[in-house]
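K.L.:
My questions will all concern the structure given below.
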Amino acid sequence: MAMQQGREVDVGQYRIEREPFYAEVRGEIGLFTIAANSKMPVMLKGPTGCGKTRFVQHMAYRLGRPLITVACHEDLTASDLVGRYLLKGQETVWVDGPLTIGVKHGAIVYLDEIVEARKDTTVIIHPLSDDRRFLPIEKKGQILEAADDFLLVISYNPGYQSVLKDLKQSTKQRFMAIEFDYPAPDVETTVVEREAGVSRDLAASLVKLGGKVRNLKSHGLEEGVSTRLLIYAGTLIRQGVATERACDVAIARPITDDPDMQRSILELVKAVF
């Protein structure tokens, strides 16, 4: 049975053609640019839906680099990232994984929610996230040096930390960390107004509601409402859904299954609107 190298990937498919809107909060654009130019791996920390993924997309566009995003999960293996041999007809063909493609072609590889991946999987990024900048491909007996423009970016949500799901110090201390949080009200209002296509006043009311819902975290709510969900609510309202119903299906129900908490959120909706 013959073995051969798979076809070279067209990395153009990973380029972002149109600039994604991103409102800067605390100088993170400059920090990321310096890190990218210095080949310094970056860790983005912050709650779900506060703009981490959009920020990476925006920076990939600004820097003119392809962006390869991997949504990490507990079944993600090293082979899923690096590549594997696959049977095609009578031949065994090597197919590069997303990490290998990024290393070869100088892409930004974004491992989203890295703590969801298995510990033995995250270990393979270690030689890429220090001054060695290489990727061992054990199945091929190769060591691949990273192209100059390759940048490793990981994200995680410290709010979900547990003993089982936290990043090892040996992984954390290889990255520069940029902290994200929900934007200030005026910035978040601009984001909701633009992304949902609603009036400034409606966006401001949704952001006010978001702030009040986030205050419920100290009263048993696991996670505050994301900017993403405020945009969803605004989009539904713009499409003709009644405000209370839009906030129920886009905010209250996604963030909690507790009927009492859902009622509390809908009381806030009535108070704000």
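K.L.:
Below 20 Å, Cα to Cα, which lysines can residue 88 reach? Residues fewer than 8 away in the same chain don't count.
P.N.:
By straight Cα distance, residue 88 reaches 139, 140.
K.L.:
Shifting gears a bit: Considering just Cα atoms, how many Å³ per residue does the convex hull of the range 115-214 enclose? Mind showing how you got there, number by number?
P.N.:
On the way: hull volume 16.1 nm³, N = 100.
Per residue, the Cα convex hull of the range 115-214 comes to 161 Å³.
K.L.:
Of the GluC sites (Glu not before Pro) in the range 33-125, which ones lie in a loop per DSSP and count no more than 16 other C-beta atoms within 10 Å?
P.N.:
74
K.L.:
What is the set of long-range amide H partners of residue 151 at a cut-off below 5 Å, with H atoms built 1.01 Å from backbone N?
P.N.:
Correct list: 107, 108, 109.
K.L.:
Same structure again: Report, largest value first, the span of the C-alpha coordinates of the range 185-272 along each principal axis, in whole Å.
P.N.:
Reported extents, whole Å, longest axis first: 31, 25, 20.
K.L.:
With a point put 7 Å past each Cα toward its Cβ, work out how far residue 40 is from residue 123 in nm, to one decimal.
P.N.:
2.9 nm
K.L.:
Sequence-distant or interchain residues sharing an amide H contact under 5 Å with residue 92, placed H: which?
P.N.:
For residue 92, the qualifying residues are 2, 3, 4.
K.L.:
While we're looking at this one, here's another question. For the chain, list the DSSP H helices whose alpha carbon atoms reach 15 Å or more along the long axis and whose average Kyte-Doolittle value is 0.5 or above?
P.N.:
Correct list, ordered by number: 227-238.
K.L.:
Among (1) -0.92; (2) -0.82; (3) -0.70, which one is log10 I(q)/I(0) by the Debye sum over Cα atoms at q = 0.12 Å⁻¹ computed from these coordinates?
P.N.:
Only one listed value fits the structure, namely (2).
K.L.:
Taking the alpha-carbon centroid of each part, what is the distance from the range 34-94 to the range 148-219 in angstrom?
P.N.:
19 Å
K.L.:
By per-residue mean of other Cβ atoms within 10 Å, what is the highest-first order of 46-58, 168-180?
P.N.:
The densest-packed peptide leads the list: 46-58, 168-180.
Coordinate-derived values only; no laboratory data. No experiment lies behind these values; they were computed from the predicted model shown. So basically every Cβ, Gly included, is an ideal-geometry build from the backbone, and we count neighbours across all protein chains shown.
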